[in-house]
């Protein structure tokens, strides 16, 4: 059942519509629709107050990522679950607040240091999608004069379709443990 109080344009729409979520609190110092409009590290959040924490594409924008993970551990109940996504490849964004890219090894080290047990770390994408994202990202700030803007969008869309098709080739051609776009991590507080 859909939550009628959440706009379909809200980035939290999917999460707030999930039937297993009884209460959702969004934290974003810049988010107009956030429940708590403060920096997560400075927000007064009671320790051991949450069962699950979802953190998507935020850690790379955190100057002190270990302190950030420590605070997540602090606010989770014992046995609480962290669902985390971080980029491995990609262009700079939210400049100048784009600090890090993470490997599975760095994530494992940092999460274990913050007293999390890794349930899994999953690659999202492959070497083909990584290259495609880089090409599309390169094109984004270029050719923005009015007459070239729309052909550029058509080129980007065409590349996206080609990359999507190539990414569906059998795993023996696309599988690479060394190249991914993102990592999805699920970890449990010990």
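The values are calculated or read from the model by the stated rules, or taken from the named source; none is laboratory data. No experiment lies behind these values; they were computed from the predicted model shown. Quick reminder, even Gly has a Cβ in these numbers, built from the backbone with ideal geometry, and neighbours come from all protein chains shown.
Would you be able to say whether some residue in the range 157-165 is in contact with a helix residue (DSSP H, G or I) (Cβ under 8 Å, 6 or more places away or on another chain) and at pLDDT 85 or above? Yes: one or more hits. Remark: pairs (first residue in the range 157-173, more than 15 Å from residue 137 (Cβ to Cβ); second residue assigned to a helix (DSSP H, G or I); Cβ separation under 7 Å; 6+ apart in sequence or on different chains) = 166/128; 167/128; 167/129; 167/174.
Residue 67 meets the conditions (1) assigned to a strand (DSSP E or B); (2) within 24 Å of residue 41 (Cα to Cα) in every case but one. The failed one is (1). Would you say residue 23 is touching a helix residue (DSSP H, G or I) at 6+ places or on another chain (Cβ under 8 Å), part of a loop (DSSP other than H, G, I, E, B) and either outside the structural domain of residue 181 (by TED's automatic domain parsing) or more than 21 Å from residue 98 (Cα to Cα) (or both)? No, not satisfied.
Within the range 101-116, the set of residues being assigned to a loop (DSSP other than H, G, I, E, B), in contact (Cβ under 8 Å) with a residue 60 or more places away in the chain and more than 14 Å from the chain's Cα centre (by Cα) comprises just one member, 115.
Quick check, is residue 98 without any contact (Cβ under 8 Å) to a residue 60 or more places away in the chain, assigned to a helix (DSSP H, G or I) and closer than 30 Å to residue 43 by Cα? No.
Residue by residue, here is whether (1) exposed (fewer than 12 other Cβ atoms within 10 Å of the Cβ); (2) at pLDDT below 95; (3) closer than 21 Å to residue 87 by Cα holds:
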{"site": "6", "(1), (2), (3)": "no, yes, no"}
{"site": "9", "(1), (2), (3)": "yes, yes, no"}
{"site": "13", "(1), (2), (3)": "no, yes, no"}
{"site": "20", "(1), (2), (3)": "yes, yes, no"}
{"site": "34", "(1), (2), (3)": "no, yes, no"}
{"site": "40", "(1), (2), (3)": "no, yes, yes"}
{"site": "59", "(1), (2), (3)": "no, no, yes"}
{"site": "68", "(1), (2), (3)": "no, no, yes"}
